[in-house]
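The values are calculated or read from the model by the stated rules, or taken from the named source; none is laboratory data. Remember, it's a predicted structure, so these values are computed and weren't measured experimentally. Don't worry about glycine lacking a Cβ; one is built from the backbone with ideal geometry, like all the others, and counts go over all protein chains shown.
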Amino acid sequence: MSLRLPILALAALTLAQPALAEGPTPEAQAELDVCVEKAGGADLAIKDCYVALANAEDARLNANWEQLIKAAGGKNSDVGAALLNEQRAWIAYKEAACIHYLARGGTLDRLQGQLCYTDLITRRADELAELADFYQETYSPE
């Protein structure tokens, strides 16, 4: 019964997460799936899997950011400066958005907090990719 509770809780947490527009790369998702399976239902081990995914998604976010800024005419352009202000505001939001999960400090709370944090990064990486495509197609057609 003690193993069943973390597995059921993880299933509930996974179902509670909204679907992503694009989500992690297939490679990153495959690595996450293997990691979660190896974790064997241990909340903290699963959290570590999502930490690794968050790191991979953060790298994708940064690459998408660089493409966006280039497509928008650079950081010193009007659009680039506006995007930089937006990104700074998003970073502040990201740092504060999931902290409420950590208020009680339990292992399941830490897992939920990491799921929230990873989801935010993944969504922003997707959003930046879409914006980069928009600016590339609209202002830099080749």
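Observations on the structure shown:
- The set of residues in region 71-85 that are assigned to a helix (DSSP H, G or I) and either in contact (Cβ under 8 Å) with a residue 40 or more places away in the chain or in contact with a Phe, Trp or Tyr (Cβ under 8 Å, 6 or more places away or on another chain) (or both) comprises ALA71, VAL79, LEU83.
- Inter-residue pairs, beta-carbon under 6 Å, first closer than 17 Å to GLU95 by Cβ and in contact (Cβ under 8 Å) with a residue 40 or more places away in the chain and in region 40-65, second small (Gly, Ala, Ser) and in a helix (DSSP H, G or I), 6+ apart: GLU57/ALA125; LEU61/ALA125
- Filter pass, ALA28 being surrounded by fewer than 13 Cβ atoms within 10 Å (Cβ to Cβ) and either at pLDDT 90 or above or of a type outside the set (Ser, Thr, Tyr) (or both): no
- Residue within region 3-17 that is closer than 30 Å to LEU84 by Cα, surrounded by 12 or more Cβ atoms within 10 Å (Cβ to Cβ) and modelled with pLDDT under 90 present: yes
- Applying the criterion of being farther than 17 Å from LEU53 by Cβ and modelled with pLDDT under 95 to the residues of region 102-132, the residue that is surrounded by the most Cβ atoms within 10 Å (Cβ to Cβ) is LEU108.
- Near pairs, Cβ below 8 angstrom, 6+ apart or cross-chain, from region 99-128 (within 19 Å of ALA39 (Cβ to Cβ) and in contact (Cβ under 8 Å) with a residue 12 or more places away in the chain) to any residue that is buried (at least 18 other Cβ atoms within 10 Å of the Cβ) and among the small types (Gly, Ala, Ser): TYR101/GLY113; GLN114/ALA54; TYR117/ALA54; THR118/ALA54
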